[in-house]
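Q: Sharing a structure with you now.
The values are calculated or read from the model by the stated rules, or taken from the named source; none is laboratory data. Every value quoted in this text rests on a predicted model; they were computed, and no experiment measured them. In this analysis, Cβ positions are derived from the backbone assuming ideal geometry, glycine residues included, and neighbour counts consider all displayed protein chains.
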């Protein structure tokens, strides 16, 4: 293995990082007239970020993606499908607990609400919703149903919940759904969905292997809206 591909990959990650930091520096120095503090700390953090991203992506491509796709293909041979759906729901729940974006969002919500909306409540409500969406996506692969119908029903339910829920929880709910679709959940769920749809008779990897993330987003948003509404009523 040569070192050149590694250097090229590191550079491809470093370029957007340098552009982002450079943009912030220009705004601070030229427009805000604010000095840049702790420059060496910032530089060190940038190096760690690029290295961390590289190691994470290398680990994902070498472990999680092959593992989840192979597991998805093997799950198609299971005689009873209910355990397959339960397995998918469990994986969705546990993977969501690891999502760094969701944890950051939940921490900010707890701080800004002065503890009124607790971090664990956001994380676990999102994980429950994501878990249900994962199970629904697997059901769609095993027993295909129309994605258009699912989207219309999901939007109708969300509209009803948005009208009922407290106004301050609506934005949090939609942002929570976005935060769950991060670097942990995406490769795991897409790997399972694509592997399963490749092996299930009558399933099409293009038609049924994708769309699972959209279903999890609907369910996650709904779960946080229900959590916020129930908390307001108590």
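Q: Assess whether residue 129 counts as being within 30 Å of residue 61 (Cα to Cα), surrounded by 14 or more Cβ atoms within 10 Å (Cβ to Cβ), touching a helix residue (DSSP H, G or I) at 6+ places or on another chain (Cβ under 6 Å) and modelled with pLDDT under 90.
A: On the way: within 30 Å of residue 61 (Cα to Cα): yes; surrounded by 14 or more Cβ atoms within 10 Å (Cβ to Cβ): yes; touching a helix residue (DSSP H, G or I) at 6+ places or on another chain (Cβ under 6 Å): yes; modelled with pLDDT under 90: no.
No; evaluated as a whole, the condition is false for this residue.
Q: Among the residues of segment 91-109, count how many are touching a helix residue (DSSP H, G or I) at 6+ places or on another chain (Cβ under 7 Å) and surrounded by fewer than 18 Cβ atoms within 10 Å (Cβ to Cβ). Even if it seems obvious, please write down each step before you answer.
A: Taking segment 91-109 as the starting set, the residues that turn out to be touching a helix residue (DSSP H, G or I) at 6+ places or on another chain (Cβ under 7 Å) are 91-93, 95-97, 99, 101-103, 105-107, 109.
Subset that is surrounded by fewer than 18 Cβ atoms within 10 Å (Cβ to Cβ): 97, 101, 103, 107.
Counting residues in segment 91-109 that are touching a helix residue (DSSP H, G or I) at 6+ places or on another chain (Cβ under 7 Å) and surrounded by fewer than 18 Cβ atoms within 10 Å (Cβ to Cβ) gives 4.
Q: Applying the selection to segment 8-24, what residues are farther than 17 Å from residue 54 by Cα and surrounded by 14 or more Cβ atoms within 10 Å (Cβ to Cβ)?
A: 21 - this is the single residue of segment 8-24 that is farther than 17 Å from residue 54 by Cα and surrounded by 14 or more Cβ atoms within 10 Å (Cβ to Cβ).
Q: Sort through 109, 114 and tell me the only one that's in contact (Cβ under 8 Å) with a residue 60 or more places away in the chain and farther than 30 Å from residue 11 by Cβ.
A: Numbers: 114 fails: in contact (Cβ under 8 Å) with a residue 60 or more places away in the chain.
Residue meeting the stated conditions: 109.
Q: With closer than 25 Å to residue 193 by Cα and either outside the structural domain of residue 184 (by TED's automatic domain parsing) or touching a helix residue (DSSP H, G or I) at 6+ places or on another chain (Cβ under 6 Å) (or both) as the only criterion, which of 7, 65, 20 stands out?
A: Working: 7 fails: closer than 25 Å to residue 193 by Cα; 20 fails: closer than 25 Å to residue 193 by Cα.
Among 7, 65, 20, only 65 is closer than 25 Å to residue 193 by Cα and either outside the structural domain of residue 184 (by TED's automatic domain parsing) or touching a helix residue (DSSP H, G or I) at 6+ places or on another chain (Cβ under 6 Å) (or both).
Q: In addition: Could you grab me the full set of residues in segment 80-93 that are free of Cβ contacts under 8 Å to residues at least 12 places away in the same chain and either under 16 Å from residue 127 (Cβ atoms) or not in a helix (DSSP H, G or I) (or both)?
A: Result: 80, single match.
Q: Is segment 181-198 home to any residue that is within 24 Å of residue 102 (Cβ to Cβ), in contact with a helix residue (DSSP H, G or I) (Cβ under 6 Å, 6 or more places away or on another chain) and without any contact (Cβ under 8 Å) to a residue 40 or more places away in the chain?
A: Yes, segment 181-198 contains a residue that is within 24 Å of residue 102 (Cβ to Cβ), in contact with a helix residue (DSSP H, G or I) (Cβ under 6 Å, 6 or more places away or on another chain) and without any contact (Cβ under 8 Å) to a residue 40 or more places away in the chain.
Q: Starting from segment 140-157, take each residue that is farther than 23 Å from residue 192 by Cβ and list its partners that are modelled with pLDDT of 90 or more, counting only C-beta distances under 7 angstrom and pairs at least six apart or across chains.
A: 157/222
Q: Tell me, please, whether a residue that is out of contact with any strand residue (DSSP E or B) (no Cβ under 8 Å at 6 or more places or on another chain), in contact (Cβ under 8 Å) with a residue 60 or more places away in the chain, outside any helix (DSSP H, G or I) and surrounded by fewer than 20 Cβ atoms within 10 Å (Cβ to Cβ) can be found in segment 170-180.
A: no
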